[in-house]
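First the structure, in the form of structure tokens, and then the observations on it.
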Amino acid sequence: MRDDKKQQRRRQIEAAAYDLLVQYGYDGTSMLAVAKAAKASNETMYRWYGDKNGLFESMVRANAAEVRDALQALIEDGLPPLEILRRLAPVLLDMLLGEKAIALNRAAAADASGDLGRVIAACGRDEVLPLIKEVLVAAIQQGALRPPAQGEIGSLFMHLLVGDQQMRCAIGVLPAPSAAEITRQADQAVSQLIQLCRPTAAPAP
């Protein structure tokens, strides 16, 4: 199977898995059920993903890929770190509060085994956060920011950007933000970070 057709087929399989995840949760979503819904063979499912954890790992990685791809493009453009952060923040927030991420986190909260939560942590936050930290460290090294008085700058930025919104969306007490709200919140988070971590005597941006 050609790579483009294989990628299209994977997207179809993973879309079917999301639909089942929303309906039946992580425990109720089996490889067989996904194969049936996507009209895929069991052989294909296990050859491509290995097992259910492998399937959901692929889904989490694919959901985070937009952030990684956007960051790579901004780095290749040679933009300064704070400009990268400004442009990346809405992409990151949109991914974290998007339908796919919320479906995954909602299912993880109901998964007594903790398997899905571990997959999300390992393939989502633990892969994306170091990329954000690299941008923030570069900003510190170039004198655009200073380390916060307390805590670590990557965690501070994520708190300012997301806070508890992802969990509130997952439990249904907060509606998904609009595109305009995503942009506003992302701009506000970057501005707050600059205020908190502005180097001494540095002019306001």
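Go through region 131-154 and count every residue that is within 19 Å of the chain's Cα centre (by Cα) and without any contact (Cβ under 8 Å) to a residue 24 or more places away in the chain.
2
Hey, among ALA122, ALA138, ALA170, ALA189, which residue is of a type in the set (A, V, I, L, M) and over 20 Å from ALA64 (Cβ atoms)?
On the way: ALA122 fails: over 20 Å from ALA64 (Cβ atoms); ALA170 fails: over 20 Å from ALA64 (Cβ atoms); ALA189 fails: over 20 Å from ALA64 (Cβ atoms).
Going through ALA122, ALA138, ALA170, ALA189 in turn, just one is of a type in the set (A, V, I, L, M) and over 20 Å from ALA64 (Cβ atoms): ALA138.
Say we look at region 167-181 and pick out the residues that are modelled with pLDDT under 95 and of a type in the set (A, V, I, L, M); which of these is least open to solvent (accessible area, probe 1.4 Å)?
This residue is ALA170.
If you check ILE102 against the conditions, is it surrounded by 14 or more Cβ atoms within 10 Å (Cβ to Cβ) and modelled with pLDDT under 90?
Yes.
Out of curiosity, is VAL60 out of contact with any Asp or Glu (no Cβ under 6 Å at 6 or more places or on another chain), over 16 Å from GLN12 (Cβ atoms) and assigned to a helix (DSSP H, G or I)?
Considered against the rule, which asks whether it is out of contact with any Asp or Glu (no Cβ under 6 Å at 6 or more places or on another chain), over 16 Å from GLN12 (Cβ atoms) and assigned to a helix (DSSP H, G or I), VAL60 comes out as yes.
Quickly run through region 122-139 and pick out the residues that are at pLDDT 85 or above and either open to solvent by less than 50 Å² (accessible area, probe 1.4 Å) or among the basic types (Lys, Arg) (or both).
Just the residues of region 122-139 that are at pLDDT 85 or above, to begin with: 129-139.
Passing the criteria: LEU129, LEU131, ILE132, LYS133, VAL135, LEU136, ALA138, ALA139.
So which residues in region 73-85 are in a helix (DSSP H, G or I), over 18 Å from LEU129 (Cβ atoms) and open to solvent by 70 Å² or more (accessible area, probe 1.4 Å), if there are any at all?
GLU76
Please note which helices (runs of 4 or more DSSP H) are completely contained in region 92-144 and include at least 3 residues that are closer than 25 Å to ALA189 by Cα. Walk me through it before giving the result.
Numbers: elements: 99-110, 115-120, 126-141.
The helices (runs of 4 or more DSSP H) meeting that bar are 99-110, 126-141.
Pick out the one residue from ALA40, ALA70 that is touching a helix residue (DSSP H, G or I) at 6+ places or on another chain (Cβ under 6 Å), in a loop (DSSP other than H, G, I, E, B) and farther than 22 Å from ALA108 by Cβ. Show your work before the answer.
On the way: ALA70 fails: in a loop (DSSP other than H, G, I, E, B).
Going through ALA40, ALA70 in turn, just one is touching a helix residue (DSSP H, G or I) at 6+ places or on another chain (Cβ under 6 Å), in a loop (DSSP other than H, G, I, E, B) and farther than 22 Å from ALA108 by Cβ: ALA40.
Every residue, every condition in (1) open to solvent by less than 90 Å² (accessible area, probe 1.4 Å); (2) within 23 Å of ALA121 (Cβ to Cβ), yes or no:
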site	(1), (2)
GLU14	yes, yes
LEU20	yes, yes
ASP27	no, yes
ALA33	yes, no
THR44	yes, no
ARG47	no, no
ASP51	yes, yes
SER58	yes, yes
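Please pick out the residue among LEU21, LEU116, LEU96, LEU55 that is within 22 Å of the chain's Cα centre (by Cα), closer than 21 Å to VAL135 by Cβ and touching a residue at least 12 places away in the same chain (Cβ under 8 Å). Don't jump to the end; show me each part of the working.
On the way: LEU21 fails: closer than 21 Å to VAL135 by Cβ; LEU116 fails: closer than 21 Å to VAL135 by Cβ; LEU55 fails: closer than 21 Å to VAL135 by Cβ.
Exactly one of LEU21, LEU116, LEU96, LEU55 is within 22 Å of the chain's Cα centre (by Cα), closer than 21 Å to VAL135 by Cβ and touching a residue at least 12 places away in the same chain (Cβ under 8 Å), namely LEU96.
All but one of (1) open to solvent by 60 Å² or more (accessible area, probe 1.4 Å); (2) in contact (Cβ under 8 Å) with a residue 12 or more places away in the chain; (3) within 21 Å of PRO130 (Cα to Cα) hold for ASP164; which doesn't?
(2)
The values are calculated or read from the model by the stated rules, or taken from the named source; none is laboratory data. The structure presented is a predicted model; accordingly, all values stated were derived computationally and were not measured. Note that each Cβ is placed from the backbone with ideal geometry, even for glycine, and that neighbours are counted across all protein chains shown. Ligands, DNA and RNA are excluded from the accessible area calculation, which covers all protein heavy atoms including side chains. Shrake-Rupley method; radii C 1.70, N 1.55, O 1.52, S 1.80 Å.
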